[in-house]
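Everything below concerns the one structure shown next.
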Amino acid sequence: MTQEDGKRACGYRAAELIEDGMQVGIGTGSTVYFFIEKLIERVKSGLNITAAFSSIRSKNQAMEGGIPHIENDLFTKLDVTVDGADEIDAQFNMIKGGGGALLREKILATSSTKMIIIVDESKEVAKLGGAKLPIEICQFAYTATIDKIQNLGFNGEIRVDQDRFYQTDGGNFIFDLNLQSPIDNVQALHNQLITISGVVETGLFFNLDVKLIVGKKDGTLK
Ligand code: 5RP
């Protein structure tokens with residue numbers, strides 16, 4: 001059994017928690033893939049929900065399976081958002097954005113009454129900072145934005161995909177920070193970065209009402 005079995009186990013469990021009539025935010029990633037897979041099954045068996053998606057990838061998978069999309073993404077409040085994470089600590093602070101969808105993920109997360117986070121056990125950490133911290137930045141004068149980030153003492157690199165700069169679904173770039181040490185104060189770091197003109201969003205997620213579901217390699221839940 002592998003990490004993928006853990007991802008499947010928590011994804012499937014989260015899908016069982018979705019209730020009739022809910023407006024559901026759906027995140028992005030290899031764990032969310034399994035959530036959508038199971039949710040499609042439930043919708044085919046009569047579950048009545050609508051959904052908004054943090055990525056075209058997730059939306060395509062869900063809509064091909066018959067999950068209805070909230071028209072034009074014009075939601076104000078969502079009942080729940082289900083998403084993965086790159087790192088999560090015991091206070092449910094998270095680094096997200098490894099899959100390149102952090103801005104839309106944060107819009108879903110902060111519009112939701114609650115979140116269900118689905119991760120395999122490798123994502124649980126005592127302190128955030130081992131994973132790269134993705135920062136979504138505007139294309140316009142991205143050099144100036146990166147210069148400002150670097151002037152604060154951070155190192156990193158602009159994300160590349162097949163020899164070109166990776167572009168988010170919203171057309172932004174991502175600058176991945178290599179943190180030199182664990183993050184002491186998640187909110188302070190977010191505040192420091194988000195005030196830079198040209199930074200659209202950071203991959204630091206905090207102050208959310210989170211239910212955490214952790215899948216183990218043996219295919220069971222923690
Ligand atoms: C995408 C994300 C993902 O939730 C995160 O990268 C985890 O992905 P995976 O489930 O594939 O490990 O934040 O932007």
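No value in this document is a laboratory result; all are computed from the given coordinates. All of these numbers come straight from a predicted model, not from anything done at the bench. Here the Cβ positions follow ideal geometry from the backbone for every residue, glycine too, while neighbour counts run over all protein chains shown.
Worth pointing out:
- Dipole moment magnitude, nearest 20 debye, the chain about Cα centre, only Lys, Arg, Asp, Glu C-beta charged: 140
- Taken over the Cα atoms of the stretch 1-79, the convex hull encloses 85 Å³ per residue.
- Overall dimensions of the stretch 53-105, expressed as equivalent-ellipsoid semi-axes from the Cα gyration tensor (√(5λ), whole Å, largest first), are 23, 14, 10.
- Over all pairs of different C-alpha atoms, the stretch 138-189 has a mean inverse distance whose reciprocal, the Kirkwood radius, equals 12.3 Å.
- Checking every one of the GluC sites (Glu not before Pro) in the stretch 1-101 against DSSP loop status and a limit of 13 other Cβ atoms within 10 Å picks out Glu19.
- Theoretical ellipticity at 222 nm over the chain - DSSP helices of four or more residues, -39500 (n - 2.57) apiece, nearest 500: -9000 deg cm²/dmol
- Aspartates and glutamates with Cα under 20 Å of Lys123, excluding same-chain neighbours fewer than 8 positions away: Glu4, Asp5, Asp83, Asp86, Glu87, Asp89, Glu105, Asp176, Asp184, Asp209, Asp218
- Phi-based couplings in Hz for the stretch 188-194 (Karplus 6.51, -1.76, 1.60; Gly and Pro marked x): 5, 5, 4, 4, 4, 7, 6
- Measure of compaction for the stretch 74-197 (Cα Rg per 2.2 N^0.38 Å): 1.08
- The stretch 41-58 versus the stretch 157-194: alpha-carbon centroid distance in Å: 29
- Rounded D (µm²/s) - the chain, Kirkwood Rh over Cα pairs, Stokes-Einstein at 4 °C, 1.567 mPa s: 73
- Relative contact order for the chain: 26 percent, from Cα pairs under 8 Å spaced at least 6 residues apart, divided by residue count.
- For chymotrypsin sites (Phe, Trp or Tyr not before Pro), the sites in the stretch 87-196 that DSSP calls loop and that have at most 15 other Cβ atoms within 10 Å are Phe140, Tyr166.
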